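The values are calculated or read from the model by the stated rules, or taken from the named source; none is laboratory data. Everything quoted here is computed from the prediction, not taken from an experiment. Note that each Cβ is placed from the backbone with ideal geometry, even for glycine, and that neighbours are counted across all protein chains shown. These area figures cover heavy atoms from the full protein model, side chains too; ligands, DNA and RNA do not enter into them. Shrake-Rupley method; radii C 1.70, N 1.55, O 1.52, S 1.80 Å.
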Amino acid sequence: MCRRRAPTSEQSRPPPRVTTTVAPGGPMKTTIVLLTSFSRTWHALDPADRRKIEEEHLQPLVGRYADRLSIRFFNSLGFDPRFSHMVVIEAADLRDYYFFIEEFRDNHLLAQGFVTIERIILGYEDGYPQFDAAEDARAGAGVPA
């Protein structure tokens, strides 16, 4: 005789509710993930020298954009051989991100080959609710899709 097992608390939970943090029609927050790798030359530097380079070249750049971008750094060494670090950037205006990248491209860390951007991943927070709201507004105004 086959008996059914009682559902566990995990199985009986309703699925999580999707919530939107962006007001329809408002600015769409962009999240960008830079997957980066640091060179052997960088890792061969004395840790004090690496800190000095970061303090002189990276921190001022990040500081200039602190009022417009959220920039966080993650170490991912040992989790994926294709990159060693991630930079997660959040921007309300994609232009601010672009200007940051233009400056970063000329920064000592990239120019000296200490870091390489391996891949860039970009997404909009709550993109589909924004799209749905825009479609609803367009339909309500009688504008063809």
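Given the structure, is Leu61 open to solvent by less than 30 Å² (accessible area, probe 1.4 Å), outside any helix (DSSP H, G or I), closer than 14 Å to Ile101 by Cα and not β-branched (Val, Ile, Thr)?
Judged against the criteria, Leu61 is not a match.
Quick one: which of Glu102, Glu118 is acidic (Asp, Glu), in contact with a Phe, Trp or Tyr (Cβ under 9 Å, 6 or more places away or on another chain) and closer than 26 Å to His57 by Cα?
Answer to the selection: Glu118.
Output the residue which, of all residues in region 75-90 that are modelled with pLDDT of 95 or more and among the hydrophobic types (A, V, I, L, M, F, W, C), is least open to solvent (accessible area, probe 1.4 Å).
Within region 75-90, the match that is least open to solvent (accessible area, probe 1.4 Å) is Ile89.
Which condition does Pro27 not pass, out of (1) modelled with pLDDT of 90 or more; (2) under 30 Å from Pro129 (Cα atoms), if it passes all the others?
Exception for Pro27: condition (1).
Can you find a residue that is part of a loop (DSSP other than H, G, I, E, B) and without any contact (Cβ under 8 Å) to a residue 60 or more places away in the chain anywhere in region 37-49?
Scanning region 37-49, I find at least one residue that is part of a loop (DSSP other than H, G, I, E, B) and without any contact (Cβ under 8 Å) to a residue 60 or more places away in the chain, so the answer is yes.
Looking at region 104-133, which of its residues are of a type in the set (D, E, K, R), exposed (fewer than 14 other Cβ atoms within 10 Å of the Cβ) and modelled with pLDDT under 95?
Scanning region 104-133 gives Arg105, Asp106, Asp132.
Quick one: in region 91-103, which of the residues that are under 15 Å from the mean Cα position of the chain (by Cα) and either of a type in the set (Asp, Glu) or more than 13 Å from Thr30 (Cβ to Cβ) (or both) is surrounded by the most Cβ atoms within 10 Å (Cβ to Cβ)?
Asp96
I'd like to know if region 122-143 contains one or more residues that are within 18 Å of Pro60 (Cα to Cα) and touching a residue at least 12 places away in the same chain (Cβ under 8 Å).
The answer is no; no qualifying residue exists.
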